[in-house]
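Accompanying notes for the structure given below.
Values quoted throughout were computed directly from the atomic coordinates according to the rules given, and no laboratory measurement underlies them. Treat the numbers as computed from the prediction; the structure is a model and nothing was measured. Cβ sites come from the backbone with ideal geometry, for glycine too, and all protein chains shown count toward neighbours.
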Amino acid sequence: MDVNEALSLYRNEPESEQVKFLSRLGHQITIFARDTYEPDTDSLSNPAQLRCINEMMHRILGQQFKLLLGDCDRYPDDIFIKMIFEMAATCDFESYLSLGINDSFKLCMGQRAKQTQK
């Protein structure tokens, strides 16, 4: 999924669904970040990438929190989505981010479809 597809999907979701999406995306990113760990040790194979991922998570969680509060002083949808894609590009994390976004949208939209069928 590229930035334009992600932006199109994200901006068309109500804030309550954006919060769910960001929760799932954050979860997925923490799983993918484990690839920066050195197997069977406490060391990191790519500390710079993990630092970049941490900064991305900081922005995602900050946006999620502001959505939960109904705070209008948050990143506009287009700037937010473009920002996390740009951050991912700086640390060779674009493919992981795309997978995480794709999975998160599928899960969130699937849950909503199940709820509307009840």
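By the count of neighbouring beta-carbon atoms within 10 Å, fewest first, Thr30, Thr36 end up ordered Thr30, Thr36. Starting from the Cα of Met109, step 7 Å along the direction of its Cβ; do the same at Phe32; then give the gap between the two resulting points in nm. The modelled label-to-label distance comes out at 1.8 nm. One decimal place: the segment Ile79-Leu99 gains 5.2 nm when fully extended, by the rule 0.36 nm per residue minus the C-alpha distance.
Return a whole-number percent for the relative contact order of the chain, with Cα pairs under 8 Å and 6 or more residues apart as the contact set. Reported relative contact order: 39 percent. Listed as lacking a disulfide-compatible partner in the chain: Cys72, Cys108, by the criterion of no other cysteine Cβ under 4.7 Å.
Projecting the Cα positions of Thr30, Ala89, Ser16 onto the charge dipole of region 3-117 (unit charges on Cβ atoms of Lys, Arg, Asp and Glu, taken about the Cα centre) puts Ser16 furthest along the positive direction.
In whole angstrom, how far apart do the alpha carbon centroids of region 90-104 and region 15-68 sit? Cα centres, region 90-104 to region 15-68: 10 Å.
Go ahead and estimate [θ] at 222 nm for the chain from helices alone: -39,500 (n - 2.57) per DSSP H run with n ≥ 4, summed, over the residue count, rounded to 500.
Details: 5 runs with 89 residues, N = 118.
It comes out at -25500 deg cm²/dmol, rounded to the nearest 500.
Label-to-label distance, Asp92 versus Asp71, with points set 7 angstrom from Cα along the beta-carbon direction: 3.4 nm. Lysine pairs in the chain 8 or more apart or on different chains: how many have alpha carbons under 26 angstrom apart? Going through the chain pair by pair, I get 10. Taking amide H atoms as placed 1.01 Å from N in the peptide plane, the amide H of Tyr37 lies under 5 Å from those of Ser45, each 5 or more residues away in sequence or on another chain. For region 68-74, 3J(HN,Hα) computed residue by residue from phi via the Karplus equation (6.51, -1.76, 1.60; θ = phi - 60°) reads 4, 7, x, 6, 6, 8, 10 Hz, glycine and proline entered as x. Computed over the chain, the P(r) curve from all C-alpha pair distances, binned at 10 Å from the origin, holds 13, 45, 29, 11, 2 percent per bin.
Once the chain from Asp42 to Glu5 is taken as fully extended at 0.36 nm per residue, the excess over their C-alpha distance is 9.6 nm.
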